[in-house]
Structures are given as C-alpha cells and as structure tokens.
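Below: one structure, written as structure tokens.
The values are calculated or read from the model by the stated rules, or taken from the named source; none is laboratory data. All values reported here derive from a predicted model rather than from experimental measurement. Cβ: placed from backbone, ideal geometry, glycine included. Neighbour counts: every protein chain shown. All accessible areas refer to the heavy atoms of the entire protein, side chains included, with ligands and DNA or RNA removed. Shrake-Rupley method; radii C 1.70, N 1.55, O 1.52, S 1.80 Å.
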Amino acid sequence: MSDNTPDLAAAARDIVQAGQRLDARGWVPATAGNISRRLPDGRIAITRSGCHKGFLSEQDVITVDLAGQPHDAGNRPSAETLLHCQIYRLLPDVGAVLHGHSVASTVLSMIEPSPRILLSDYEVQKVFAGQDTHEATVPVPLFPNDQDIARLAREVEPHVADMPAGYIIRGHGVYVWGRDMGMALARLEGLEFLLACELERRKLKA
C-alpha cells in the first residue's frame, strides 16, 4: 500500500478479504487473478503483480491511474491492470472488478465453439444486472486469449456496456464487476455457480 489514507486502507481490506474468499473456492490458483476497487478520488486500488490472492496483505495493494500507470514508480501492477481500468473508464458506476481462473470457466471457454456461453433458465442468473426472471438467456462473451493486453482490451471495449454477467478470456478466466465489492463478489459467485452447472450438464450429456 503506497499511502496511509483511510480510503485506500478500506479498499485494501476489501481486496484482502475478497482474495481470501476467491482462494477458498479455488478460483485464483497459484498467483492467478486480480482484484481491484475504485477509490473516491478516482484512483484504482489493485493487487500488485505476482501475489497469491489467498495470502494477501494490505501492502500487496497498490494504486494506479485509469491508464494503468502506478502512482509509485516502484510498484509493479499486472499487465492485466489495463482490463480493470478499461471497465472503470467505460462504466463510471462500477466500484470493484474481479478476475479469476476457475476450472469451469477455463474448460468451458476452451471447448465452446461459439463466441459466447449462453445461460438460460437458471434462477441464480437473476444476480446479474437487468435480469429479473429465470425465463431468459444471459450471454457470456468469450474472447481469444492474447498476451498483448492492449490489443485484447481493444477487442473487448465495444462490448463492455452490454455484458451483464461479465466475460471470459478463453483458457484464461473471467472478468466480473459491480457497483461495490459485495456486488462484484455476488456476481462472480453467481457466474461461477452457473458455469459449474453448465460443465456438469455437458458431462452428463457426453
């Protein structure tokens, strides 16, 4: 943590707790995943590169601007920070972004031939913005994995405003967001539950 302001300290606590929650569910193995939260002054608090999310301390949370540049030159954010910043830049009501690497999201995104996974008739899908019935279909877009994060961000950008359940990078993991950390966690848990259900249904059909 690069300063001791109350807002950053509160965000760091939220991020540490979220990391423990994701780790307990097996969604951020090894040093995978990123967790961030918007601060009232516009800075983004985010996990620094290379940290295990289940063992975070508040010192593992740094701040960046909306271009993904650290405010302290000695801090090293993940390259994927740009994907978090993109969401904050395009969706001003978003207060937290979560990125995880679950088995279900990884496997389904690698075997699904279409450009999206469709979730239909599940009660839990009502956790997503704009969904008030299970009698609907929620698309989860799939994007090709790309080590050039700036190029990946350009591909994702036209779709950000129309992804109520977030999106998945093929063979990589999910991105989910919400107005605050509680909502982002609820949406991630909802999405991961539904993806696990889809994976089980495909196993039964095989």
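Overview of values
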| read-out | value |
| --- | --- |
| Which listed residue is assigned to a helix (DSSP H, G or I), in contact with a Phe, Trp or Tyr (Cβ under 6 Å, 6 or more places away or on another chain) and either open to solvent by 30 Å² or more (accessible area, probe 1.4 Å) or not hydrophobic (A, V, I, L, M, F, W, C) (or both), from Val107, Val124 | Val124 |
| Filtered residue count, the stretch 42-90, keeping only those that are of a type outside the set (Ser, Thr, Tyr) and in contact with a helix residue (DSSP H, G or I) (Cβ under 7 Å, 6 or more places away or on another chain) | 21 |
| Pairs, first more than 15 Å from Pro141 (Cβ to Cβ) in the stretch 104-129, second of a type in the set (D, E, K, R) and open to solvent by less than 30 Å² (accessible area, probe 1.4 Å), C-beta under 7 Å, six or more apart | Ala104/Glu192 |
| Considering residues of the stretch 166-188 that are of a type in the set (A, V, I, L, M, F, W, C) and out of contact with any Gly (no Cβ under 9 Å at 6 or more places or on another chain) only, the residue farthest from Leu98 (Cα to Cα) | Ile169 |
| Residue identified as open to solvent by 30 Å² or more (accessible area, probe 1.4 Å), touching a residue at least 12 places away in the same chain (Cβ under 8 Å), of a type in the set (D, E, K, R) and farther than 30 Å from Pro40 by Cβ among Arg179, Arg187, Arg170, Arg151 | Arg170 |
| Number of positions in the stretch 161-184 that are out of contact with any helix residue (DSSP H, G or I) (no Cβ under 6 Å at 6 or more places or on another chain) and assigned to a helix (DSSP H, G or I) | 5 |
| Among the candidates Asp23, Asp7, residue that is more than 19 Å from Tyr175 (Cα to Cα), acidic (Asp, Glu) and without any contact (Cβ under 8 Å) to a residue 40 or more places away in the chain | Asp7 |
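Listed here are the residues, each with its yes/no results for (1) part of a helix (DSSP H, G or I); (2) in contact with a helix residue (DSSP H, G or I) (Cβ under 8 Å, 6 or more places away or on another chain); (3) open to solvent by 40 Å² or more (accessible area, probe 1.4 Å).
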residue	(1), (2), (3)
His99	no, yes, no
Pro113	no, no, yes
Asp132	no, yes, yes
Val140	no, yes, no
